[in-house]
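All remarks here apply to the structure that follows.
Bear in mind that the values in this text are calculations on the coordinates, not laboratory data. Everything numeric here is computed off the predicted structure, so don't read it as measured data. Quick reminder, even Gly has a Cβ in these numbers, built from the backbone with ideal geometry, and neighbours come from all protein chains shown.
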Amino acid sequence: MRRKDLTVRLAVAFGIVAIATAVIAAVVITVTWQRQFEVYVQRGVQERADSVAEVLADAYEQAGSWDAVAFVNIAHVGLTGDYSVQVLDAEGNVVAYTQDRMGRMMTGQVPTGDAEVTARADIVADGEVVGEALVVRTAPGGLLTERDVWFRAASLRGLALAAVIAAAIALVAGVVYSRGIVRPIEAVTRAADALRHGDRSARTGMTGGDPIADLGATFDQMADAVEAERAFEQQLTADVAHELRTPLQAIQATVEAMQDGVLPTDEERLNLIHDETVRLGRLTGSILELSRLENGSAPVTLAMIDLAAPVTAAVETSRALMESTGHTLEEVIERGVTVLGDVDRLTQAVGNLLSNAARYTPEGGQVRVRLLRDGADAVIEVADSGLGVAEEDRERVFTRFWRGDPARTRTSGGVGIGLAVVREIVERHGGRVGVHASDLGGAAFVVRIPLAPERR
């Protein structure tokens, strides 16, 4: 019923507009046509007056006076019986007139009665105005003759019929067009209703080309985004549940064993519980941070910065970790590499890369940090002599909770979030991050961020 109601409303609206347009057009055309028709009739009467004047001028030149005017016949001029001709001499006296449809002139004073002069023409003989010919309308109705009135009425009826036909065509076109509008709107409505009731696959299937089709295509894109977000949330929930289960189970099992007397309540067991609790806290914090970055709620304040500042800060923060594991830390930092960035977030990203390198590099290994320009990009490289990343795993290494080999276990201290955080931070800066084999023997993580425009 909604579709029918909308179709009817649109059709009625089109019909009203069409009828109003047709009526206005008919009125304008009628008024304009009538004025032009009267001008046309007036011009015709004037032309006949001129012709009568020429005939009478010839007669006057032959006779030399108005005495022979009664012998003139003007039937060939084409005036109807609704008109008569009056002939005035140079002093303005009526010397002759027509009285019948045969066009024969009569001498003497014109009979009295209602009459309207519709056209005048000077009678010129031998270069001198000797009189004036008047075309007089003797029948009622003004300028138009009976035939003219009939023709005008017939024309107006034709215009009225044309207006009605135009309105009808416009109404039919309105109905067809309204259906064309309603159908895509209905498709969007059905898809939205299906989504509301849980059908995540509902789509309009519409493509761009007109505003309504663009609306349908935009709806489908929105639905795709919603579905992707839902899938992401489901996967995140599953990943979080999986990652939280292990430390919680370890803590629970240890506490229950201590309660049952199976395990002694000693410093070793308490340290185990403490370590798992710390790991659990670190995991939840990392998950929260990643979630905020992925949904855009984590603030990233971009400003013109020298990228050396966050890289140096991350190096200094990581130096104690490197020393504790016996790693050699080499830094090659170019100054004046300017980008639009957030110092704190970039420090976090570089710190995560350094922590990852330290974690998966055997004790006594080598870690190197480099900052340089490369074309239009600022490049940060963190390379190590550690375990490396298999070529088939280089895309997945930035996925949250991913561990590609037995060495990447929970016992290493990682929570599987750090590299995912790096990717989100870099992408928020309009950059990209990748990994390849390092000349040091391990992995080399490379971050590329566009240079500030004025420094390129």
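With each label modelled as a point 7 angstrom along the Cα→C-beta vector, the Leu248-Thr265 pair spans 2.4 nm. Our summary gives segment 300-455 a relative contact order of 25 percent, counting only alpha carbon pairs under 8 angstrom and 6 or more residues apart.
Sorting Arg120, Arg428, Arg183 from the fewest to the most surrounding beta carbons within 10 angstrom yields Arg183, Arg120, Arg428. Simple spin-label estimate for Thr325 and Asp214 gives 5.3 nm between the two label positions (7 Å along the Cα-to-Cβ direction from each Cα).
Mind running the shape call on segment 300-455? Use the C-alpha gyration tensor, a ≥ b ≥ c as the square roots of the eigenvalues: rounded below 1.5 for a/c, prolate if a/b tops b/c, oblate otherwise. Taking the square roots of the gyration eigenvalues as a ≥ b ≥ c, segment 300-455 is prolate.
Extension gain for Val176 to Val300 (0.36 nm times residue separation, less C-alpha to C-alpha distance): 39.4 nm.
Once you keep just the Cα pairs under 8 angstrom separated by 6 or more residues, what percentage relative contact order results for segment 303-360?
So the answer I get is 56 percent.
The simple Förster model, with R0 at 45 Å and r as the Cβ-Cβ distance, assigns Ile165 and Thr189 a FRET efficiency of 0.80. For Gln366, the residues 5 or more places off, or on other chains, whose built amide H falls under 5 Å of its own are Thr328, Ser385. Computed extension gain for Gln42 through Ala257, at 0.36 nm per residue and net of the alpha carbon distance, reaches 65.3 nm.
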